[in-house]
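Working notes for the structure below.
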Amino acid sequence: MDVMNRDKLFACIMATSFVLDDLRLFLDTHPRDQEALDYWRKVEKVRNEAVKEYTKCYGPINMYNVNVEDRWTWAEGPWPWEGRC
Amino acid sequence: MWSYEKRLQYPVNITQCNPKLAQVIMSQFGGPDGELAASQRYLSQRYTMSNPKVAGLLTDIGTEEMAHMEIVCAIVHQLTRDLTPQQIVDGGFERYYVDHTLGLWPQSAGGVPFTSTFFQSKGDPITDLVEDMAAEQKARTTYDNILRLVNDQEVCEPIKFLRVREIVHFQRFGEALRMIQDDLDCRNFYAFNPSFKCDLAK
């Protein structure tokens, strides 16, 4: 497994998700801000691609994207709160 | 509804246990200005929020608070996992340990159990938003207090992230309050409860 690539993809998901978390609140109170809307479209595209690639190579981070084969893998660890160590 | 994503909003990777610090940070899980109270405050208030955009903001900030609760719990868990009985005694963790072992249970740093009386859901948009703004400031002050006690960089970074989010939420709630006021008579914003129809008819 390419750990470097995995870490890089995951970092990309973390960063772009946070941009969207913050933008979402800004847009809730500034729904017509064109600069924020453009930024949303741009970052959302990058995030979608990263999630797609990560899910394909390393498994789903969202239950709706579980690929069902011979067994149910969603509830297998590690869980996010366990940290890296 | 909600759907779980297998990641934290901000990473937590702590390598050194510290039961003393865990007991302090635990307050932001189940204490009076903690993330559990914050999430339940906003998610309870949204049903009677007269402006749909502000109801959306309460939903989104309430959702983010649940992610913050998960970050705080991850910090406490990683600061206390695999403690030895000796470390429990040396770290002053024995009174928590005797009731909860190393499990996460919502309480304040002083041991007061979580209670819904930590927050209000008043059914009045101005009342609720002013409470929400105060809540964000109180949580920010608590993170300031925690940061003065932390030397470990691995703990410091996620706490700093959470502190900054309080400031952003305060700004957004301030904007929400202005949106509510824009719908009201600017000569008398506080005359009645804008979410209670009998008052509006007067």
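Take the residues in region B:97-108 that are of a type outside the set (D, E, K, R) and open to solvent by 50 Å² or more (accessible area, probe 1.4 Å); name whichever of them is farthest from B:Val72 (Cα to Cα).
B:Val98
If a residue has to be part of a loop (DSSP other than H, G, I, E, B) and either under 30 Å from A:Phe18 (Cα atoms) or open to solvent by 20 Å² or more (accessible area, probe 1.4 Å) (or both) to count, how many in region B:87-96 make the cut?
1
This table checks each residue for (1) away from chain A (no Cβ under 14 Å); (2) part of a helix (DSSP H, G or I); (3) among the aliphatic types (A, V, I, L, M); (4) open to solvent by 20 Å² or more (accessible area, probe 1.4 Å).
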{"position": "B:Val130", "(1), (2), (3), (4)": "yes, yes, yes, yes"}
{"position": "B:Leu149", "(1), (2), (3), (4)": "yes, no, yes, yes"}
{"position": "B:Val155", "(1), (2), (3), (4)": "no, yes, yes, no"}
{"position": "B:Leu162", "(1), (2), (3), (4)": "no, yes, yes, no"}
{"position": "B:Ile167", "(1), (2), (3), (4)": "no, yes, yes, yes"}
{"position": "B:Phe173", "(1), (2), (3), (4)": "no, yes, no, no"}
{"position": "B:Leu177", "(1), (2), (3), (4)": "no, yes, yes, yes"}
{"position": "B:Tyr190", "(1), (2), (3), (4)": "yes, no, no, yes"}
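Which condition does B:Leu184 not pass, out of (1) at pLDDT 95 or above; (2) open to solvent by less than 50 Å² (accessible area, probe 1.4 Å), if it passes all the others?
Of the numbered conditions (1) at pLDDT 95 or above; (2) open to solvent by less than 50 Å² (accessible area, probe 1.4 Å), the odd one out for B:Leu184 is (1).
From B:Gly30, B:Gly34, grab the single residue that is touching a strand residue (DSSP E or B) at 6+ places or on another chain (Cβ under 6 Å) and under 21 Å from B:Gly110 (Cα atoms).
The unique qualifying residue is B:Gly30.
Is it the case that region A:65-72 has a residue that's within 14 Å of chain B (Cβ to nearest Cβ), in a helix (DSSP H, G or I) and either in contact with a Leu (Cβ under 8 Å, 6 or more places away or on another chain) or open to solvent by 90 Å² or more (accessible area, probe 1.4 Å) (or both)?
Within region A:65-72, none of the residues are within 14 Å of chain B (Cβ to nearest Cβ), in a helix (DSSP H, G or I) and either in contact with a Leu (Cβ under 8 Å, 6 or more places away or on another chain) or open to solvent by 90 Å² or more (accessible area, probe 1.4 Å) (or both).
Of B:Thr84, B:Thr80, B:Thr59, B:Thr48, which residue is out of contact with any His (no Cβ under 8 Å at 6 or more places or on another chain), surrounded by fewer than 18 Cβ atoms within 10 Å (Cβ to Cβ), under 26 Å from B:Lys6 (Cβ atoms) and among the β-branched types (Val, Ile, Thr)?
B:Thr59
Out of the residues in region B:52-108 meeting the condition of being away from every other protein chain (no Cβ under 14 Å) and of a type in the set (A, V, I, L, M, F, W, C), tell me which one is farthest from the chain's Cα centre (by Cα).
B:Val89
Among the residues of region B:19-28, are any over 25 Å from B:Gly91 (Cα atoms), out of contact with any helix residue (DSSP H, G or I) (no Cβ under 6 Å at 6 or more places or on another chain) and either surrounded by fewer than 22 Cβ atoms within 10 Å (Cβ to Cβ) or within 14 Å of another protein chain (Cβ to nearest Cβ) (or both)?
No: zero hits.
Per-residue answers, yes or no, for (1) open to solvent by 40 Å² or more (accessible area, probe 1.4 Å); (2) charged (D, E, K, R); (3) in a helix (DSSP H, G or I):
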{"residue": "A:Ile13", "(1), (2), (3)": "no, no, yes"}
{"residue": "A:Leu27", "(1), (2), (3)": "no, no, yes"}
{"residue": "A:Ala36", "(1), (2), (3)": "no, no, yes"}
{"residue": "A:Arg41", "(1), (2), (3)": "yes, yes, yes"}
{"residue": "A:Lys45", "(1), (2), (3)": "yes, yes, yes"}
{"residue": "A:Asn48", "(1), (2), (3)": "yes, no, yes"}
{"residue": "A:Glu53", "(1), (2), (3)": "yes, yes, yes"}
{"residue": "A:Lys56", "(1), (2), (3)": "yes, yes, yes"}
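The values are calculated or read from the model by the stated rules, or taken from the named source; none is laboratory data. Every value quoted in this text rests on a predicted model; they were computed, and no experiment measured them. As a convention, Cβ positions derive from the backbone with ideal geometry for all residues, glycine included, and neighbour counts pool all protein chains shown. The protein model used for the area step is the full one, side chains on, heavy atoms only, and it has no ligands, DNA or RNA in it. Shrake-Rupley method; radii C 1.70, N 1.55, O 1.52, S 1.80 Å.
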